[in-house]
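The values are calculated or read from the model by the stated rules, or taken from the named source; none is laboratory data. All of these numbers come straight from a predicted model, not from anything done at the bench. Backbone-built Cβ (ideal geometry, glycine too); neighbour counts: all protein chains shown.
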Amino acid sequence: MTYFGNELKNNINEETIELLAPYLELKFRGDDREVFQGEIAKGSSAALKGICDWARAMSDYHKASKIVKPKLKLLNQKESELRVAEQSLENAQLELAAVIKKKAGLDAQYAEKQEVKEKMQAEANKLKRKMDQATKLIDSLADNKVRWT
């Protein structure tokens with residue numbers, strides 16, 4: 001093993017952990033203390049203490065990574081889906097803004113046309129009243145037509 005750090009800890013396989021497990025779980029006879037402890041190894045060698053601590057840490061890391069890796073993979077997948085959904089939302093918001101702008105223009109056009117319609121309706125009502133008055137006047141003068149001719 002000529003490499004260290006993330007490469008090594010991510011390349012520890014299940015077989016290595018199975019081979020290391022009996023040593024990590026080894027206990028003194030008649031005692032619940034584990035033999036494979038850095039503090040116990042420190043009595044023999046400071047380097048051995050480091051190796052014991054490192055081996056236990058790698059085992060713990062491997063066990064934890066079996067739980068965390070699928071969750072990280074799912075997290076990455078969900079983040080990817082979130083980015084797609086956010087892009088879709090942004091596109092929908094842009095489309096909505098365009099529709100709102102178009103609706104505002106159509107509302108303004110409608111109000112303008114409605115105003116023209118009301119003016120024309122008022123003018124038509126005014127002309128209708130004049131026509132009704134003219135018709136009444138003509139009908140009232142019809143009796144006098146005979147007398148005038």
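Out of ALA134, ALA142, ALA108, I need the residue that is loosely packed, with under 10 Cβ neighbours inside 10 Å and hydrophobic (A, V, I, L, M, F, W, C). Which one?
Values: ALA134 fails: loosely packed, with under 10 Cβ neighbours inside 10 Å; ALA108 fails: loosely packed, with under 10 Cβ neighbours inside 10 Å.
Result: ALA142 is the single residue among ALA134, ALA142, ALA108 that is loosely packed, with under 10 Cβ neighbours inside 10 Å and hydrophobic (A, V, I, L, M, F, W, C).
Looking at (1) surrounded by fewer than 11 Cβ atoms within 10 Å (Cβ to Cβ); (2) touching a residue at least 12 places away in the same chain (Cβ under 8 Å); (3) not small (Gly, Ala, Ser), which one does GLU15 not meet, given that it meets all the others?
(2)
In the range 13-58, what residues are at pLDDT below 80, outside any helix (DSSP H, G or I) and either of a type outside the set (Lys, Arg) or within 24 Å of PRO70 (Cα to Cα) (or both)?
Once the filter is applied, which keeps residues that are at pLDDT below 80, outside any helix (DSSP H, G or I) and either of a type outside the set (Lys, Arg) or within 24 Å of PRO70 (Cα to Cα) (or both), the range 13-58 yields LEU26, PHE28, GLY30, ASP31, ASP32, GLU34, VAL35, PHE36, GLN37, GLY43, SER44, SER45.
Regarding the range 63-82, can at least one residue be identified that is farther than 30 Å from ASN13 by Cβ, at pLDDT 90 or above, of a type in the set (A, V, I, L, M, F, W, C) and surrounded by 10 or more Cβ atoms within 10 Å (Cβ to Cβ)?
For the range 63-82, residues farther than 30 Å from ASN13 by Cβ, at pLDDT 90 or above, of a type in the set (A, V, I, L, M, F, W, C) and surrounded by 10 or more Cβ atoms within 10 Å (Cβ to Cβ): present.
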